[in-house]
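Take a look at the structure set out below.
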Amino acid sequence: MEIKIGMLGLGTVGTGVYQLFQEKRKIYQRELGCGLTIAKIAVAHLDKERKVQIPEGILTDNAQEIIEDPGIQVVIELIGGGKGLEHDLAILKTRKHLITADKLLIATRGDELFQAAAKNNVNLMFGASVGGSIPVVRWLRDGLRADKIKRLMAIANGTTNFMLAAIAILSYDTALSLAISEGYAEPDPTFDVEGLDTAYKLAILARLAFRQRVTFEHIYPVEGITALEPADFTYANRWGYVIKLIAWAEDRDGKLDLRVHPMLIPEEHPLAQIVGANNGFYVEGEAIGEQTLGPGKGAGPQPTASTVIADLLQVCQDIKNGQVSAYQINALEKVETYPVTKIVSRYFLRLTLANEAGALEEVANILKDFGISISAFDQPETTNPEAEVALITWPTEDLNMSKASARFQESPMVKKAYPSIRILPKEEKGEEHGK
Ligand SMILES: NC(=O)c1ccc[n+]([C@@H]2O[C@H](COP(=O)([O-])OP(=O)(O)OC[C@H]3O[C@@H](n4cnc5c(N)ncnc54)[C@H](OP(=O)(O)O)[C@@H]3O)[C@@H](O)[C@H]2O)c1
C-alpha cells in the first residue's frame, strides 16, 4: 500500500516538514507498514529559490492539481494567515484528509471546517496550530478527555515571552529590536504583541478543554504587552510575582471566562518557569488536579514540522485501518461567556502622583468610592515634584476597577495612571479579606 500526500505551501514550516519527512521517511514507512510519498507541492511562486531540493514534476503553482488528484489521500496545508480556507474546504469536499497549522482558520472558521470534515468522513488535524512542538492539542483532546477541566492557563506566544524578559530590564522598544534581531519577531509585530496570536490559540485550546464551540470572537479582553515598562516588573518581583502574557480560560458555573492579558503570577507558579521563547500550558481538572505541559518550543520550522508529521502519521494509520479518528464537532456545546464586568481579580496599579499632601489620600478615596481595598503599597522616596506609587488591591469586580481607572484620569493629583494589571494571587483562599 502506498499513501500519496499533497502539500500546499513550502515556506518556513513547509520546508521543515519536507526535510523531516525525507530524513525519517524510512522509519515512518517501517512503523506504518506502508509506503509514503509526497506526490505534489503547491506554492505561490514557482521560480522562488528553495532551501530544499525538490525532484522535478513535484512543484506546481496550481493547488487544484492536488485537490483534484484522486490518488492523493492526505493534504498538508501550510499556507497560513487564513488564505487556505477555500482550498481546505475543497480538500475536505473531495474526501481527502486535511492537516493544517493555521490557528487563524481553526479559531475563526473552525465550525465550518469541522462540519465539512465530519460530513465527508475525513480527518481534520490541527496539532501544530498551537504550541509548535508541544503536543498540547492531543493532550487536551485525547489525554485529558475523561476529565472536566475547570481552568486553563497558557503562555502560547514565544515572541512575547522572550520580549517580557527584555522589557523587565530594558524597555519595550529595545526588547522589540532584540526580538527582531534574534528572529523571534516580525518587523510588524502587531499580531504577537497585541495579544491576537495568543487569543487565536486560546480559542482552539478552550474549544478542546471545555468542549464548546469557542471562536476568537468569544475572547474578551485581548490585551497585549506594549504598555509594560521595567518598573512594573521591579514592583512585581519585589512582591514575589512575575509578569506573563496569559491566555486564560475558566469554567464559571457553565459560563466561560476567556481572556488574554498580561498578568502578575506568583513566582512559584509552573508558568512562571516558562522562560525565553518557549510555550507552556497549565490546567486544573476535577480528576487530575493541576498539570503542566512544557516548556517547549512554540514555533520554528523543525519543532512545528514534528507536530505536523505526528498528525500525518496518525492520519496514515487511520487510512490503513480504514477509520477516521477526527475530532467530533457535532458533540460540542454552544458557548455562553461569563460577563467580563463581573470578573473578580486583584489588581496591580502604578501611578505617578503630585508629590504633595493629599495625593495618596485622593488615590485611597477613589478606590474606596468603588469598594476597592489596598492590600500592599510601595512608594520609593523622592524629592521630585512627582512621585511614583505602586499598589496591590484586594479582589474587586472588573467594572469597579474600570470606574476607578476613569476617575484617576480625571484627578489633578494623578499625573499618570498606567494600565492596571490583573493578578493571580499566591493564595486564592481567604480572598474575602479586605473587602
Ligand atoms: N512559522 C512558524 O514557526 C509556525 C509555527 C506554528 C504554526 N505555523 C503556521 O504554519 C503555517 C505556515 O506558516 P509559514 O511560517 O511556513 O508560512 P510562510 O513561510 O509564509 O509560507 C507560506 C507558503 O504558502 C505558499 N502559498 C501562498 N499562497 C499560496 C497558494 N495560493 N497556493 C499554494 N501555496 C501558497 C507560499 O508560496 P511561496 O513560497 O511560493 O511564496 C509559501 O511557500 C501558518 O498557518 C502558520 O500560522 C507557523
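Once the Cα atoms are used to define both axes, helix 158-169 deviates from the longest principal axis of the chain by about 30 degrees. Listed by chain and number, the lysines placed with their C-alpha closer than 26 angstrom to that of Lys148 are Lys103, Lys201, Lys244, Lys255, Lys334, Lys342, Lys426, Lys429; residues fewer than eight positions away on the same chain are left out. Quick one: grab the alpha carbon gyration tensor of segment 66-113, order the square roots of its eigenvalues as a ≥ b ≥ c, and give me rounded if a/c is under 1.5, else prolate or oblate depending on whether a/b is larger than b/c. Prolate shape, in that a/c is at least 1.5 and a/b is the bigger ratio. Summing charges over all other residues whose Cβ lies under 12 Å from the Cβ of Arg407, with Lys and Arg as +1 and Asp and Glu as -1, gives -1. Here Lys4 is the anchor, and the lysines within straight C-alpha reach of less than 24 Å, apart from those fewer than 8 places off in the same chain, are Lys24, Lys26, Lys40, Lys51, Lys83, Lys93, Lys96, Lys119, Lys320. Using C-alpha pairs below 8 Å separated by at least 6 residues, the relative contact order for segment 78-137 is 36 percent.
Among 244-254, 306-316, what's the highest-first ranking by average C-beta atoms within 10 angstrom per residue?
Sorting 244-254, 306-316 by mean packing, highest first, produces 306-316, 244-254.
For Gln73, the shell of other residues with beta-carbons less than 13 Å away shows a net charge of +2, using +1 for Lys and Arg and -1 for Asp and Glu.
Apply the Debye scattering formula to the chain, with a single equal point scatterer on each alpha-carbon and no solvent, then give log10 I(q)/I(0) at q = 0.08, 0.13 Å⁻¹. Log-scaled intensity ratios, in q order: -0.51, -1.11. Between segment 176-226 and segment 300-325, the C-alpha centres lie 25 angstrom from each other. Within the shell of other residues whose beta carbon sits under 10 angstrom from the beta carbon of Asn123, the net charge comes to -1, with Lys and Arg scored +1 and Asp and Glu -1.
Close amide-amide hydrogen proximity is noted between Ala299 and Ser133, each under 5 Å apart and 5 or more residues distant or on a separate chain (H modeled in the peptide plane; Pro and chain starts excluded). Modelled spin-label separation between Arg252 and Ala227, with each label point placed 7 Å from Cα along the Cα-to-Cβ direction: 2.0 nm. With every protein chain in place and a 1.4 angstrom probe, the accessible-area ranking of Thr393, Thr352, Thr108, largest first, reads Thr108, Thr352, Thr393. Between Asn384 and Ile288, the modelled labels are 4.7 nm apart [label points 7 Å from Cα along Cα→Cβ].
The values are calculated or read from the model by the stated rules, or taken from the named source; none is laboratory data. Bear in mind that the values here come from a model prediction, so they are computed numbers and not experimental data. All Cβ positions, even for glycine, are placed from backbone atoms using ideal geometry, and neighbour counts span all protein chains on display. Remember, those area values only see protein heavy atoms, side chains included, never the ligands or the DNA or RNA. Shrake-Rupley method; radii C 1.70, N 1.55, O 1.52, S 1.80 Å.
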